[in-house]
Amino acid sequence: MAIGMRHSQRTQLWVSLGLYGYLILTLFVPLGVIALWAFYDPAVGWFPPDIVPRSFSLSAWGDVLSDRHILPSALLSFFVSTVVTLLTATLAFPTAWALAQFPFRLKRAVEVFVLAPMIVPGIVVAVSLGEIFFGLGLAGTVQGIILVQTVGTLPLMIRILTATLEGIPNELILAARTLGAPPRVAVMRIALPLAWPGFLAGGLLNFIASFEEFEKSFMVGAPQVQTLAVRLWSYLGGEILVLPTAAAVTFLLLVPMLIIFFIAERLMKEDVMAAGLGKL
Amino acid sequence: METTLSVRHLTKQFESTRALKGINLEVPAGRFVTLLGPSGCGKTTLLRAIAGITDPTAGEIWLAGRRIDALAPEKRNFGMVFQTYALFPHMNVEKNVAFGLEMRNVAKPEIAARVAAALELVGLDQHARRLPRQLSGGQQQRVALARAIVIEPDVLLFDEPLSNLDAKLRDSLREDLRTMQRKLGITSIYVTHDQSEAMALADEIVVMKDGEIVERGTPVDLYRRPRFRFTAEFLGLTNVIEADLSGSECRLPWGAVRKIENPAERASEGIAIRPEDIGIDAAKGEADGVVEQSMFLGASTHYWISAAGQELRVVTAGGQSDILATGQPVKLTLPPALHLLKTFEPAETPA
Amino acid sequence: MTPVRPTTLLLCLLPGVGYLLVFFGMPLVRVLVNSFSGRGPQTEVFTFTPWITLLTTPVYLDGLRFSVWLAVAPTALSLLIALPLSALMQANETSRRFFGSLYRIPLVVPGIVAAFLVLVMLDRGGMASRILTPLGIALPRLVRDEWGLGAIIASSWKNIPFMTLIISGSMAAINKDVLSAARTLGAGRFTILWRIQLPLAQPGITAAVLLTFISSLGSFVVPNLLGPSYPLPLSVHMYTEGFTKGNWPLVYAMGTLLSIVAVGVLLTYYAIIGSIGQSDAPKRAGA
């Protein structure tokens with residue numbers, strides 16, 4: 001029996017078609033539609049049953065760029081996400097080091113406690129910190145948003161860094177110490193650089209999570225301080241639905257995320273994140 | 001059952017390397033064939049292609065007159081034993097061994113009987129309910145063996161199964177493997193890079209290099225009369241000496257003349273002499289030499305001797321005689337007929 | 001592991017653990033405690049009023065049920081799709097690199113944008129209905145419908161890649177020889193998935209399910225944009241009761257209840273998985 005294509009090659013073809021079909025239907029088509037909304041002509045409108053707008057215009061972008069709230073929100077989001085990422089990394093490293101390298105009796109309890117913010121629904125934290133910050137005068141401030149977002153990013157960063165640091169053989173630190181390095185220097189100059197994949201993976205994930213975060217930023221910051229995600233809500237959930245502006249703001253939100261995402265894909269090893277999340 | 005496994009022009013191309021370059025191999029029924037070679041020679045790729053785990057780029061595989069290379073691995077009825085044991089960690093020993101029979105829809109009572117018999121064969125009937133992680137490496141490998149045998153496969157495939165075991169365990173398991181294969185008579189293909197393992201186990205050794213078969217033969221043939229220098233140096237220790245050739249005789253560097261048992265028309269790689277074939281004595285012999293180094297290994301002693309500008313390795317069996325001292329002048333005796341080595345020319349020039 | 005002085009240990013743990021104690025632990029305790037307090041001037045008095053209100057008012061009970069529904073449904077749907085997807089990604093080398101990056105894009109798409117996508121595609125007058133109506137197919141109501149279907153779809157859309165990522169990671173950690181052994185013993189692809197890959201990937205599957213459930217339980221913006229006006233999930237109630245009506249004790253009772261549900265689900269899940277005999281599954285699959 002002549003075999004034109006081997007059995008496994010044929011299944012591979014079907015599988016590929018299925019996977020890409022799923023992607024096209026659930027990802028590219030919806031994003032494409034939103035893109036169209038960002039470019040439609042409000043004078044003509046875009047009503048059913050038209051599948052494509054009858055005419056295009058850049059007016060939505062003009063509105064967005066001239067709106068005195070949107071670009072500041074975008075810059076604010078970048079600022080907040082950067083600070084949150086740096087703060088989280090700084091706080092997480094010593095704790096992760098302790099969890100990875102030191103034996104101590106309450107370790108399991110600490111691990112569970114670090115896990116707890118991922119178990120308790122985020123909105124509970126958001127609401128309670130919202131009220132506390134209100135009393136402290138931190139509500140509606142950038143500092144407040146940074147502080148509350150860090151609660152959400154810290155557990156994951158600690159877990160990812162712990163997994164990374166566990167992979168560094170203890171002999172390396174011991175070797176450095178026999179060569180004369182005091183413990184802290186050994187850690188900073190040997191372990192820290194070797195842990196960079198964890199920092200990179202965790203940092204990118206944190207930045208993305210912080211940039212797109214809604215509930216905590218909303219409860220603590222709105223309405224005085226609005227990150228871009230919260231700003232988008234005002235065009236979608238408010239009194240009126242302002243689709244074209246929302247579509248344009250969506251792209252402002254999405255494009256940086258996608259850029260960071262593709263950079264991360266180039267640089268990151270996927271098992272780092274799965275290691276951090278993979279066991280509860 | 002008559003099973004001749006036949007591999008024809010099997011080629012496997014990976015992105016940048018050609019792991020198999022048109023392999024042709026016939027394995028008669030019931031034979032124990034070893035694929036031997038250094039890492040990267042393609043022996044594991046060949047085994048996996050036969051198993052169906054890897055798809056060949058070109059070529060055919062036939063079993064007892066049927067072509068099987070298009071069949072998925074689960075349809076080929078081969079048993080396979082892996083270097084990492086590959087037991088199902090979440091199933092106990094019994095369930096592991098029973099798995100293949102379940103896939104074949106064998107009736108439950110029969111499964112129980114066959115599993116019990118297989119476990120008894122490998123000496124693990126007491127451990128039927130244990131989990132793999134509760135067993136030692138050697139025990140795990142025995143379970144893997146039982147699992148492969150119980151399905152009564154047409155061919156047994158071994159992928160360096162003893163490499164993860166320590167030396168003593170390796171020896172004892174090696175013996176058991178051989179006994180079992182002889183008893184059951186299943187055609188077996190065994191991959192290893194360990195030449196002593198290959199010689200101990202195989203009816204026939206297939207020596208591979210860079211995706212090609214260099215030569216094949218029984219262990220005795222390949223050891224005593226290798227065609228190629230590669231084989232001679234891979235199987236055990238060997239000395240290779242340049243000598244003046246004329247017809248079926250050669251003149252050695254110290255003047256003695258010997259017959260060549262396999263004269264060749266074209267230029268060759270040299271003469272192969274096994275270290276244990278060189279006689280060494282303080283006073284009696286034909287060639288003069290000086291002891292450079294000695295190494296006492298208990299059952300044998302290794303000497304490095306320089307003679308007539310050549311460095312020779314000589315091995316003597318144990319016994320009670322004194323170890324020769326460094327710097328001591330000695331006399332060497334060579335066997336009456338010597339063996340000529342040829343250069344192995346690969347069929348394809350490397351890319 | 002190196003032995004360590006207690007002071008060093010404490011100093012190392014302080015930044016991370018300390019921060020969480022202050023900004024998570026104490027607020028959480030406060031939530032629990034204040035759920036038993038009264039409104040207004042009597043804030044010190046211990047009372048069950050908020051709890052009684054919460055557990056006896058139909059609006060809130062329906063809200064609780066809806067919260068749980070909005071957590072269970074997307075988790076189940078995502079799992080249904082993520083499991084075969086993860087298995088396919090293991091088997092398929094060539095498309096894995098290209099597809100493997102693209103399928104993860106929803107991970108970086110904000111939840112609010114996911115809701116927007118559903119709005120634009122599946123609402124009345126959305127793209128889906130514009131394409132299907134001329135073909136004679138009428139789409140059911142998917143946005144602001146009583147089952148929260150739009151919210152479920154948006155939530156699933158975001159969670160499928162998340163689950164696939166974790167479950168793929170677990171499956172990839174399985175020793176490849178174990179799978180090859182199963183194939184040579186006669187197991188087809190589906191048997192391998194069901195009897196080998198799933199049991200061995202179970203820790204990852206558990207993590208994925210639990211994380212998805214919990215994040216959906218507390219989700220605010222997706223139900224807020226796509227869900228019906230009745231019932232409202234507890235997360236939305238928490239916002240209105242707190243920020244517009246100032247009834248914080250009630251809000252805290254709701255928060256505590258949601259947390260109890262989350263922890264309860266976690267424990268129940270572990271109990272179920274444990275009783276299927278997975279408790280003696282080894283830590284590293286296939287080692």
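Read-outs throughout are calculated quantities, based only on the coordinates presented, and are distinct from any laboratory measurement. What you are looking at is a predicted structure, and each value in this text was computed from that prediction instead of being measured. Heads up, the Cβs are rebuilt from the backbone with ideal geometry, glycines too, and the neighbour counts pull from every protein chain shown.
List of remarks:
- GNM on chain C, alpha-carbon springs under 10 angstrom: the most fluctuating residue among C:VAL109, C:VAL261, C:VAL59 is C:VAL109.
- Sorted largest first, the principal axis extents computed over the alpha-carbon atoms of chain A equal 80, 76, 32 Å.
- The alpha-carbon of B:LYS284 sits under 18 angstrom from the alpha-carbons of these lysines, leaving out residues fewer than 8 places away in its chain: B:LYS331.
- Model label sites at B:HIS302 and C:THR7, defined 7 Å from Cα along the beta-carbon direction, differ in position by 5.7 nm.
- The mean number of Cβ atoms from other chains found within 10 Å of a Cβ in peptide A:126-136 is 6, as a whole number.
- Over chain B - Rg/Rh using Cα atoms and the Kirkwood inverse-distance radius: 1.06
- Per-residue average of Cβ from other chains inside 10 Å of C:24-32: 6
- FRET efficiency, B:ARG182 to C:ILE81 (Cβ-Cβ, R0 41 Å, nearest 0.05): 0.20
- Karplus-based coupling profile of the stretch C:151-156, in residue order and whole Hz: 5, 5, 5, 4, 5, 5, with θ = phi - 60° in 6.51 cos²θ - 1.76 cosθ + 1.60 and x standing for Gly or Pro.
- Taking packing as the residue-averaged number of other Cβ atoms within 10 angstrom, the listed peptides A:78-85, C:189-196 run from highest to lowest as A:78-85, C:189-196.
- Working from the Cα coordinates of the stretch B:214-301, the gyration tensor eigenvalues give, after taking √(5λ), semi-axes of 24, 20, 10 Å in decreasing order.
- Stokes-Einstein translational diffusion, the protein assembly as shown - Kirkwood Rh over all Cα pairs, 1.306 mPa s, 10 °C, in µm²/s: 48
- Per-residue ellipticity at 222 nm from helix content only, as computed over chain C with -39500 (n - 2.57) for each DSSP H run of at least four residues, stands at -19500 deg cm²/dmol.
- Residue among A:GLU171, A:GLU265, A:GLU215 with the largest mean-square fluctuation in a Gaussian network model of chain A, springs linking Cα atoms under 10 Å: A:GLU171
- Karplus-derived 3J(HN,Hα) values for the stretch B:128-133, using 6.51 cos²θ - 1.76 cosθ + 1.60 with θ = phi - 60°, are 4, 9, 6, 8, x, 6 Hz; glycine and proline are entered as x.
- Two-site FRET efficiency, B:ASP288 against B:ALA167, from Cβ-Cβ distance with R₀ of 41 Å, rounded to 0.05: 0.60
- Of B:ALA337, B:ALA98, B:ALA118, the one that fluctuates the most in a GNM where chain B has Cα springs shorter than 10 Å: B:ALA337
- Approximating the spin labels as points 7 Å out from Cα along Cα→Cβ, the A:LEU174-to-B:ALA117 distance works out to 5.3 nm.
- Taking 30 Å as the limit for the C-alpha separation, the pairs B:LYS95/B:LYS209; B:LYS342/C:LYS176; A:LYS216/C:LYS158; B:LYS43/C:LYS176; B:LYS168/C:LYS176; B:LYS12/B:LYS95 exceed it in the case of B:LYS95/B:LYS209; B:LYS342/C:LYS176; B:LYS12/B:LYS95.
- Estimated FRET transfer efficiency when R0 is 45 angstrom, pair B:ASP194-A:THR82 (beta carbons, to 0.05): 0.20
- Taken residue by residue and averaged, Cβ atoms of other chains lying within 10 Å of the Cβ of B:86-96 number 5.
- For trypsin sites (Lys or Arg not before Pro), the sites in the stretch A:1-109 that DSSP calls loop and that have at most 15 other Cβ atoms within 10 Å are A:ARG6, A:ARG54, A:ARG68, A:ARG105.
- Taking all pairs of distinct alpha-carbon atoms in the stretch C:162-267, Kirkwood radius in angstrom: 16.8
- Here the stretch B:22-93 and the stretch B:213-227 have alpha carbon centers that stand 23 Å from each other.
- Protection proxy ranking, peptides B:129-139, C:110-120, average beta carbon neighbours within 10 Å, highest first: C:110-120, B:129-139
- Span-like helix ranges in chain A, DSSP H, alpha carbon extent 27 angstrom or more, Kyte mean at least 1.6: A:243-267
- Label-point separation in nm, B:GLN328 to B:ARG104, each point 7 Å along Cα→Cβ: 6.1
- Taking amide H as placed 1.01 Å from N in the peptide plane, the amide H of B:ARG18 sits under 5 Å from none that are at least 5 places away or on another chain.
- Rounded to the nearest whole Hz, the Karplus-based 3J(HN,Hα) values (6.51 cos²θ - 1.76 cosθ + 1.60, θ = phi - 60°) of the stretch C:204-217 follow the sequence x, 4, 4, 4, 4, 4, 5, 4, 5, 4, 5, 5, 6, 4, with x at glycine and proline.
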